[in-house]
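Derivation of every value follows stated rules applied to the coordinates shown; laboratory data play no part. For clarity, every value in this text was computed on a predicted model and none was experimentally measured. With ideal geometry, Cβ positions are generated from the backbone for all residues, glycine too; neighbour counts draw on all protein chains shown.
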Amino acid sequence: MINSYLYDSDSKVSKELLGLQTKNVLAKVISIEGHSNLSIVIYDGNSIPRQDIEAKRLADIHCILEKDYSGRVKVLKCESAEFYCKKLFPSICKFEGNLRHLLYLLVAMSNDPEARNTIADLDQKDFGTIFDALFIDRDGFTKDLEALVNRRKDTAFGGKPGLSKIAVLQYVQAMDEHVLWDKLYTGSKDLTLRRRFEDVRTARNDVMHGHYIGKDFFDEAAELFSTVNDELEHEIDSIRTKTISLPEEFSSQFNLALSAFVDQATAQQIRDAIAASYIANSPGLIGSIKSLYGLGVSKSLVEQLAKANASLLSGLAGSSNTLEFFTPNINKLISEE
């Protein structure tokens, strides 16, 4: 891999840039034909057998150029950064998938109409819009902060004249902030995503926009996304765990009944939505339906199953209105085939 940089021709600078080469990273300076005032320095690490070491050596040189030659050299190609971005890309894709997965489950279990409207059609929304909706309180905290910043100069602040740093910090810390994430996620765990969503957003954007990242950034981002993904997957699994446990006396009978009506499988998110609906609408239900995760579910199947197994479903819920709840709610969740 190579990194190359454009700069104004200068014999002293050229000598310095060539001096950054190492035993395994070769440097050369070339001029642009017809433009003697412009030069390009190229650092080539192709002699290094391992790409991770090659990327690290080139990234180290890039850091020196950023620090000591800021404004004097322009990046033309930075394949060391491309290497790190490609390594991080799968973790970021996994994160965005996990986040959407969890949000769909959480909003399905929420009775908050604002949350349902905001989280609808996540696949059609860009990441920035999703993050703003989840973690930024624009109608409350943001407006209050803007009012503070734009206050009249002759207005006393917090009962004190002027704007001291201590006063501002105390005032801001006392301000209320209500974000959608806190409404949706009611678990007891202090998730890394909630505490470090700005770090997650910055790292994600740097990679997706192909910024010039180095080894230190890569290491920190890799650890961050690994932790966030593990936590999100744990939350997703914990929701499923709550929905797949059936009393032993019912499970075999219910599996047989369900198997008799199986047709083509629906998407995983529909099965998750069905499970989530049980949690939200029938808290007294002893356990949800284990077989829904292993077998296909369609509207016609659910309708037939509800009619054919009214007594079984009533027994599972411990109430007489299970069928009344089951059919209309599932009809809302599953569209016509």
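When the inverse distances between all different Cα atoms of segment 2-71 are averaged and flipped, the Kirkwood radius reads 12.5 angstrom. Centre-to-centre separation between the Cα atoms of segment 177-240 and those of segment 60-136: 9 Å.
Calculated over segment 17-139, the projected area of the Cα convex hull averaged across directions stands at 12.5 nm². Take each peptide in 187-197, 37-47, 209-219, count the other Cβ atoms within 10 Å of every residue, and average; sorted highest first, the result is 37-47, 209-219, 187-197.
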